[in-house]
Structure formats: structure tokens, C-alpha cells
Amino acid sequence: MKKIYLLAFSCGISLLSIAQQNLFNIPSGDITLKGKVFYQHQLNVYSKNVESKGHFVYGLGKGWDVGVNLVGKGFYFQPNWRAKYNSNPNQGALYPMLMPTLQKQFMVKDNFAVNLGTQVGWNLSNKLSNKELLYYNYALGIYYFNKKKSRVVAGAYQTTNFFVGNGNTTGAMLGYEINLSKRWYLMGDWVSGRNDAGVGVFGFMYNVSKRVQFCSGVLVPNGLSDRPMGVVLELNLLGWDVF
């Protein structure tokens, strides 16, 4: 029981993260309004380990928001308890990673927008010589429907193997958020590629209150990926009322 408390506490305090609002693994297309804040904390739970990442966003106005990532934090609990850490690029993606981010939205039509964003930072190695520059650039198109209560998102990414591990460094992203009622949404996303980021997550979002959302889904790795299946748990804290 003490180990469970330690895990929850460590994951909870370790992350002040990403500058764009996410579905599960890709940007949602939302821009945080000027002077407002958004925080998202996500746990990916697998049979032998758990990964933790959080997302903090601040709205700058005029379609801009900004923030900072700390991702790749986590623990192995089989065969023994230990923190997740890698500063050797020969062993896959580097983590944990601290990455400031910036995003801009262009409204093309009332129901269609284009977002451009980037994340740039470094892995948190104990040795300066082991630090590497990491980046993740993306472009998204967002189509809104059902009175802007629902959306589909599609786009592309370009990154580095330091960020996604071995495999391709360019690929596609797809996602959706479908409103079912005042509180319930279907939600999912998919990232192409034979790398650590190449997974799909399919689940739901529930508005617990006007400013708190809970999301959960099943994580399915792409074919030929070494990643196992898992469960995603996500908590969103908003600085504005959603209904």
C-alpha cells in the first residue's frame, strides 16, 4: 500500500506540462483563451509499468497559447519497483523530457481552423553531456460540427528519434471528440508510425463538473510496435466553465 501511495504522490507532483490541450495523445485543436489556464494530467497504465505526463496551458490571446511539458515520468513495478529513466539514445526515446511549447490557431471558416505548434526542449539527464535537443512540430486541421460541440482533427507531425525512439520521424495524426449529451463525449485519437508514439487510444470524456473532466480509454499500439496494450486515465482542470 505504501508503494501505491508513493506512486500516486510522485506522479502527481512531478508534472507541470504541455502547452496545448490534448485529446489523449494529439492536440485537441482548442486554444486556451487569453488569461485562462488549463491543466491536464494523464496516466498510461501497462502490465509492468505506468507513465505519467501533465499539460499546463496559458492563453496569450489572438489565437496563441503557451506552456511547458514534463513527459516520460513513470515507474516500473515488475519485476521490481524503480523509476523510469533513459538518457541513452541507443535504448530508444529519452525521458523524462522538459519541453516548452507554443501554438497558434488560424480560423479559416466558422467551422474550420488550422493549428500550427511546436514543442522544443531537453531530456532531464543528470549529465550535461547526455542532454539532447528534442522537438515535435505539428500542423492540424480541425473541423467543427454539431453546433461546434463535436470535432474531427487531422494533421501531420515531424519530430526526432530522441523524442519518439527508433522508427519514423514523420507521420499522420487523427482524432475525434463527439458530443453525446451535456456531460458525455466519445473521444479518441491515433498517431501513425512504427515508433514509441505510434498508438491509438479509444474511449470517452465525462464532464464531472463545469471545470473538471475525466477521460479514459484503451491504448492500442500500431502493428509491429514493441509497446504493450494499456489503459489511459486523464484528468482535465479548466479555468473556465464548459457548460
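Structure notes:
- Summarised in one figure, the compactness ratio Rg/Rh of region 24-97, Cα atoms and Kirkwood Rh, is 1.10.
- Ranking Gly167, Gly74, Ala156 by Cα position along the charge dipole of the chain, where only Lys, Arg, Asp and Glu carry charges on their C-beta atoms, puts Gly74 farthest toward the positive end.
- For the chain, the longest principal axis of the Cα atoms and the long axis of helix 2-13 meet at an angle of about 50 degrees.
- Here the sum of -39500 (n - 2.57) over DSSP H runs of 4 or more residues, divided by the residues of the chain, equals -2000 deg cm²/dmol at 222 nm, to the nearest 500.
- Residue-by-residue Karplus 3J(HN,Hα) for region 23-39, coefficients 6.51, -1.76, 1.60, Hz, glycine and proline x: 6, 10, 10, 10, x, 7, x, 6, 10, 5, 5, 3, x, 9, 10, 9, 10
- Estimated vicinal HN-Hα couplings, Hz - region 193-200 in sequence order (Karplus 6.51, -1.76, 1.60; Gly, Pro = x): x, 9, 9, 5, 8, x, 9, x
- Extension reserve of the Val218-Thr169 stretch, reckoned as 0.36 nm per residue once the Cα distance is removed: 15.2 nm
- Comparing Phe75, Phe145, Phe202 in a Gaussian network model of the chain, where Cα atoms under 10 Å apart are tied by springs, the biggest mean-square fluctuation is seen for Phe145.
- Taking the inverse of the mean reciprocal distance over all distinct Cα pairs, the Kirkwood hydrodynamic radius of the chain comes to 18.2 Å.
- Filter on Lys62/Lys109; Lys109/Lys147; Lys34/Lys147 - keep pairs with C-alpha separation over 20 Å: Lys34/Lys147
- Pairwise label distance in nanometres, Trp64 with Asp226, each label 7 Å out on the Cα-Cβ vector: 4.1
- Note on the chain: dipole from Cβ charges, positive end direction compared against Gly188, Phe243, Ser47; the farthest Cα belongs to Phe243.
- Inter-centroid distance (Cα atoms) of region 35-104 relative to region 138-215, Å: 16
- Net charge of Cβ neighbours under 14 Å - reference Gly165; Lys, Arg +1; Asp, Glu -1: -1
- Mean separation of Cα contacts under 8 Å, 6 or more apart, over the residue count of the chain: relative contact order %: 16
- Cα lying deepest toward the dipole's positive end in the chain, options Tyr143, Val57, Gly35, charges on Cβ: Gly35
- Taking the Cα centre of region 2-238 as reference, the dipole from Cβ charges on Lys and Arg (+1) and Asp and Glu (-1) amounts to some 600 debye.
- Couplings 3J(HN,Hα) of region 84-99, computed from phi: 7, 6, 8, 10, 10, x, 6, 10, x, 4, 8, 6, x, 10, 10, 9 Hz, in residue order, whole Hz [Karplus 6.51 cos²θ - 1.76 cosθ + 1.60, θ = phi - 60°; x for Gly and Pro].
- Within the chain, longest stretch free of exposed trypsin sites (Lys or Arg not before Pro) [DSSP loop, at most 12 other beta carbons within 10 Å]: 63-126
No value in this document is a laboratory result; all are computed from the given coordinates. From a predicted model like this one, the values you see are computed outputs, not experimental measurements. Every residue, glycine as well, gets a Cβ built from its backbone with ideal geometry; the counts of neighbours run over all protein chains shown.
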